[in-house]
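K.L.:
Handing you a structure now.
The values are calculated or read from the model by the stated rules, or taken from the named source; none is laboratory data. These numbers were taken from a predicted model, which means no experiment stands behind them. Heads up, the Cβs are rebuilt from the backbone with ideal geometry, glycines too, and the neighbour counts pull from every protein chain shown. The protein model used for the area step is the full one, side chains on, heavy atoms only, and it has no ligands, DNA or RNA in it. Shrake-Rupley method; radii C 1.70, N 1.55, O 1.52, S 1.80 Å.
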Amino acid sequence: MAQSKTNDRSVDFSAALQGYPRDPKYLLPVLYKLQENYGFLSTEMLQEAARHLGVPVGKVYSLATFGEEFRLEPLGRCVIEVCSGACCRIKGSGGILSVLEAELGIKAGQTTQNGAFTLLEASCIDACALAPAMRVNGHLYGNLQGGDVLRIIKEYELLQKSSAK
Amino acid sequence: MVWKESLQEAACTHSQSDPCPVVLDCLRSAEPLCELRHNGKTPWQAAEENQVVVRIGLGSCGIAAGAKKTYNYFKSQLAKSGELKDRVVLKKTGCLGLCSHEVVVSVEKSDRVVFFKNVNIERASEILELYIQGDSLPEDGVLGIVRKDQEDGQKIGSLQAYLNSRVLLQNAGLIDPSSFDEYLASGGMAAFAGALKMQRRGEEGRMLSAILAAMSKSGDFCIEKERLVEFKERSGEKTVVLRALEQDTSSFTVRTILESDPYSAVEGLMVICVLLGASRGLVFLDPKFKNARVLLEDAVCQLQEAGLLGEEVLGSGFSLRIEVFPGLESAVCAEDGAVFAAVLGDRPKPGSSGKAQGGSLTCHLEDAVYAVRLGALWPGWSEHPFKGEIPETQVVSLLGRVENAGCIEVPLGTSLREIVYDYGGGVENRKVLKALQIGGASGGFLPARLIDTPLDQGLLQTLGIKRFGSILVLDQDCCIVDQTYYSLKEMSGHSCGLCIPCREGLFRLVEMLGSIKRAGQGPENLKRFQILSQLEKLAETIRDTSRCSHGSSAVTPLLTGLTYFKDEFRAHIFEERCPANQCKGLLKFKIDAELCTGCSICRERCPEDAIIGQSKFSHFIIEDRCTSCGICHEVCPFGAVSFS
Ligand code: SF4
Ligand code: SF4
Ligand code: SF4
Ligand code: FES
Ligand code: FES
């Protein structure tokens, strides 16, 4: 999972767009590329994409807000993706999610106030044999129970605290 | 592998004892082209004597199960020992499709290939010591043995028979998905050769028969014949869009094919492009398939370097470009309208159906791979396009409460019973089968008593779906209402919002089902009783009035659920009881005073402050305050919270 590396206006997004021809057809690949590099799509990025491809900004917005592919807000420092695929669900991922929601005080799809955690629901994360599973910052955790989740979250909290020092 | 033998019979300037070594040379040579049909080798025929080849499956689910660790372990062990390093070759493969057995490692030694399952580091060291260095098989962990000299595996064991029966997945888990050479050695690019030859000779009629044969897998055209012909005859720039998207929300068939055999996918698209005279092929990829995307982009690069893509393919005066296009997830692409919009950079508007739009046409991944398998027969083709010589099969993802989940390929017409019990090893933990949900979140339920139904066109019609994707196995502990609720929720979440039945109707259905999943309070109860009749009426309306198939298929689980499992709905509504004990909102939670250690973990997390107790003393749930959210049950480290 790419981390939100920046919120900074001065960053030059055009580097990421090199190699894409000036053709509206490449709007979707360009948006993915930006999100891959920066973790989310900022207003500046959308404007840059519009400029690079020569399409109206409105068109870029209309695609960027379609479905659930794109995030228009930065991610938290720690991204938790709870699998809600069919396998995980019938093996209890719903319980895992509700524990996390209660623990972090946010709903799926939101980021905590302090920017520490983002909680996401993911479709199958390819670990069905280990259901229920979740990914935290790209690390896979399988065969979960509510208690495990609390422990894992604590670990990441401590990690963040120690690296902040 | 009867049909593979038929590859060799046609006449050619080469002979069986002196076949054209590489199909690429054949393609590059001037006319007249060789007519020997190219015979694919199973990869292990390529290994040298005395060599040991260790292959490790590194597909997504292999990696999730720890395949990288196993791979690195082998790598470091081999590096340590000079003797091993000279004798043992380590290779990566894609995924065999047998998820529950991951990490799968196969060891090719002397006359056989042994497949090992669930290879963690411990097992890996056992394999290394006992089997590779010594010559005895470890006691457990052997998935199956394939004898190299024996093509017909019936006597040897089922794995060999199964591997030989696969058509679309023929290479999956056996060859290195990133190696063009291995793909060629296994018979790859023969279909492209066949197609290109027809194109060079200007055999329009044969090309048309070939494409019609390839696109009518299972006797049913995935695209109307007229449209295909019309598209072929169209002039100007044409694009074929390969839908590299799953058939339904729970399926992982496409991912498995792409990760295990990306070259077949690309070749399939190339073949279709050549036959239809399109100069641009687009692999419209689900953005989730990150590993597959890397493999596909690599494959396209290698094909470009080999001169099989680009301007003037092999001097044929025909140019062909293939692009890998990260598209939209399959859940929003029920209709091709969304695909066409996305490739133009527009916001998708479903509802506009139609397979072909202007100079674009879509095809399914499975059809493309089928074209490759069928096309392997083309170089020596004279009369008919060989349809019927390839066994008809269906690739399905089997998942849920089943012993051996995975992506399997079965002959068309196999009964669901065989799929669940023979291929799948039966229901997990020997529980009783309750139902199958076929087709992901928009798929219908089939009760256990209908398990002898064969997997064929008839079943597709019964379930009202277009193609098979996933089969979800549900046992006695699964709740149909719960399953319906989540299915609808998923479909509702992916509604594009263009038409009211789907946007509002599905939302209402989710609300209603949600409300019968929890206990009612006072006046709510009257409404609750009306829900049963409302559910069905609303679902039928949505089915009949939605603008595209997303909305109309979304209610399938509910309608089939009501048909076969009405009693369960009744129990939820009238008795406020979940027979499978799954709907938490209908359960009563209780703390067992004997088991509770008073750690207070649950008390601190109960969102309703419904738990009281002093630390180190047994805790207690105040029933009136408890909303049955189930969190206390989840978090209690001592299993002290029970429900009934
Ligand atoms: S049925 Fe659903 S997905 Fe289809 S057009 Fe209507 S709102 Fe959109
Ligand atoms: S979490 Fe379990 S052991 Fe701890 S107080 Fe609650 S019920 Fe008792
Ligand atoms: S089920 Fe939820 S509301 Fe009820 S006691 Fe447990 S945590 Fe509290
Ligand atoms: S359903 Fe959760 S990993 Fe596949
Ligand atoms: S040139 Fe002889 S087999 Fe192709």
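K.L.:
On a 21 Å Cα-Cα criterion, which of the cross-link pairs B:Lys91/B:Lys117; B:Lys69/B:Lys117; B:Lys197/B:Lys232; B:Lys517/B:Lys588; B:Lys80/B:Lys117; B:Lys225/B:Lys288 come out too long?
P.N.:
B:Lys80/B:Lys117; B:Lys225/B:Lys288
K.L.:
What Kirkwood radius, in Å to one decimal, follows from the Cα pairs of the range B:496-643?
P.N.:
So the Kirkwood estimate lands at 17.4 Å.
K.L.:
How big is the B/A interface in buried accessible area, both sides summed, 1.4 Å probe, to the nearest 100 Å²?
P.N.:
What B and A bury together is about 3400 Å².
K.L.:
Compute the Cα gyration tensor for the range A:31-165, then decide on rounded, prolate or oblate, letting a ≥ b ≥ c be the square roots of its eigenvalues: rounded whenever a/c is under 1.5, prolate when a/b is larger than b/c in the other cases, and oblate in all that remain.
P.N.:
Prolate is the answer for the range A:31-165, as a/c is 1.5 or above and a/b outweighs b/c.
K.L.:
Amide H neighbours of A:Val79 under 5 Å, counting only residues 5+ apart in sequence or on other chains, H built in-plane at 1.01 Å?
P.N.:
Under 5 Å from the amide H of A:Val79 lie the amide H atoms of A:Thr118, A:Asn137, each far enough along the sequence or on another chain.
K.L.:
May I pose another question? Which entries of B:Lys434/B:Lys489; A:Lys25/B:Lys68; B:Lys68/B:Lys431; A:Lys59/A:Lys91 have Cα-Cα distances beyond 29 Å here?
P.N.:
The pairs that break the limit, which is 29 Å between Cα atoms, are A:Lys25/B:Lys68; B:Lys68/B:Lys431; A:Lys59/A:Lys91.
K.L.:
In addition: Could you tell me the center-to-center distance, by alpha carbons, between the range B:472-520 and the range B:199-214 in angstrom?
P.N.:
The two parts, judged by their Cα centres, are 47 Å apart.
K.L.:
Just the projected area, averaged over all directions, of the convex hull on the alpha carbon atoms of the range A:99-145: how many nm²? Intermediate results must be reported in sequence, preceding the final value.
P.N.:
Working: hull surface 13.7 nm².
Taking a quarter of the hull surface, the average projection is 3.4 nm².
K.L.:
Nearest 5 is fine: what % of DSSP beta bridges in chain B come out antiparallel, could you say?
P.N.:
If I count the DSSP bridges inside chain B, around 60 percent turn out antiparallel.
K.L.:
Roughly what percent of Cα-Cα pairs across chain B reach past 32 Å?
P.N.:
Percentage above 32 Å: 56.
K.L.:
Taking H placed 1.01 Å from N in the peptide plane, check which residues at least 5 places from B:Cys636 or on another chain put their amide H under 5 Å from its amide H.
P.N.:
It is none; the list stays empty.
K.L.:
Report, in order of residue number, the helices in chain A meeting two criteria: a C-alpha extent of 27 Å or more along the helix axis, and a mean Kyte-Doolittle hydropathy of at least 0.0; treat each whole DSSP H run as one helix.
P.N.:
none
K.L.:
Also, I was wondering about something else. Going by the alpha-carbon gyration tensor, a ≥ b ≥ c the square roots of its eigenvalues, is the range B:424-563 rounded (a/c under 1.5) or, if a/c is not under 1.5, prolate (a/b greater than b/c) versus oblate?
P.N.:
The shape class here is oblate.
K.L.:
Which aspartates and glutamates, on any chain, are close to B:Lys566 with Cα under 18 Å apart, when same-chain ones fewer than 8 places away are left out?
P.N.:
B:Asp475, B:Asp477, B:Asp482, B:Glu536, B:Glu540, B:Glu575, B:Glu576
K.L.:
Could I ask something else about it? Quick query: amide H of B:Gln394 versus all other amide H atoms, modeled in the peptide plane; which residues come in under 5 Å with a sequence gap of 5 or more or a different chain?
P.N.:
B:Val410, B:Leu412
K.L.:
With all protein chains present, how much of the accessible area of the range A:14-64 (probe radius 1.4 Å) comes from carbon and sulfur, to the nearest whole percent?
P.N.:
50 percent
K.L.:
Then there's this: Roughly how many whole Å is it from the C-alpha centroid of the range B:614-638 to that of the range B:426-467?
P.N.:
Here the two parts' Cα centres lie 38 Å apart.
K.L.:
With the dipole of chain B worked out from charges on the C-beta (+1 for Lys and Arg, -1 for Asp and Glu) around the Cα centre, which of B:Ser360, B:Asn164, B:Phe74 lies farthest toward the positive end?
P.N.:
Farthest along the dipole direction, towards plus: B:Ser360.
K.L.:
Something else: If DNA, RNA and ligands are ignored and the probe is 1.4 Å, what is the ranking of B:Asp544, B:Asp286 by accessible area, most exposed first? Display every interim value, and only then the final one.
P.N.:
Details: B:Asp544 105, B:Asp286 0 Å².
Result, largest first: B:Asp544, B:Asp286.
K.L.:
Shifting gears a bit: How far apart, in nm, are the 7 Å Cα→Cβ label points at B:Gln476 and B:Lys527?
P.N.:
For the pair B:Gln476/B:Lys527, the computed spacing is 3.6 nm.
K.L.:
Here is a further query. Compute, for B:Leu98, the solvent-accessible surface of its heavy atoms (probe 1.4 Å) with the complete set of protein chains present, and express it in square angstrom to the nearest 10.
P.N.:
Roll a 1.4 Å probe over it and B:Leu98 shows about 30 Å².
K.L.:
Counting only DSSP beta bridges with both residues in chain A, tell me the antiparallel percent, nearest 5.
P.N.:
Numbers: 7 of 13 bridges.
Antiparallel: roughly 55 percent of the beta bridges in chain A.
K.L.:
Would you mind working out the accessible area per residue for the protein assembly as shown, using a 1.4 Å probe, and quoting it in Å²?
P.N.:
Heavy-atom accessible area per residue stands at 41 Å².
K.L.:
Can you tell me the relative contact order of the range B:445-536? Whole percent, Cα pairs under 8 Å, sequence separation 6 or more.
P.N.:
Result for the range B:445-536 is 18 percent.
K.L.:
Provide the per-residue ³J(HN,Hα) series for the range B:586-592, in order, calculated from phi with Karplus coefficients 6.51, -1.76, 1.60 and θ = phi - 60°, each as a whole number of Hz, with x at glycine and proline positions.
P.N.:
9, 9, 9, 9, 9, 9, 7
K.L.:
Could you run the Karplus curve 6.51 cos²θ - 1.76 cosθ + 1.60 with θ = phi - 60° over the range B:437-444 and give me ³J(HN,Hα) per residue in whole Hz, x for Gly and Pro?
P.N.:
Once θ is set to phi - 60°, the couplings for the range B:437-444 become 10, 10, x, x, 5, 9, x, x Hz.
K.L.:
Let me ask something else. List the relative contact order of the range B:394-574 as a percent without decimals, with contacts defined as Cα pairs under 8 Å and 6+ residues apart.
P.N.:
The normalised contact order for the range B:394-574 reaches 23 percent.
K.L.:
What does the convex hull of the Cα atoms come to per residue for the protein assembly as shown, in Å³?
P.N.:
Numbers: hull volume 147.9 nm³, N = 809.
Per residue, the Cα convex hull of the protein assembly as shown comes to 183 Å³.
K.L.:
Between the chain alone and the structure with every protein chain in place, find the residues of the range A:78-101 that drop at least 40 Å² of accessible area; heavy atoms, 1.4 Å probe.
P.N.:
Listed in order, they are A:Ala86, A:Cys87, A:Arg89, A:Ile90, A:Lys91, A:Val99.
K.L.:
I would also like to ask the following. State whether the range B:44-165 is rounded, prolate or oblate according to the following rule on the C-alpha gyration tensor (a ≥ b ≥ c being the square roots of its eigenvalues): a/c under 1.5 gives rounded; otherwise a/b larger than b/c gives prolate, and the remaining case gives oblate.
P.N.:
Values: a/c = 1.64, a/b = 1.15, b/c = 1.43.
Oblate shape, in that a/c is at least 1.5 and b/c is the bigger or equal ratio.
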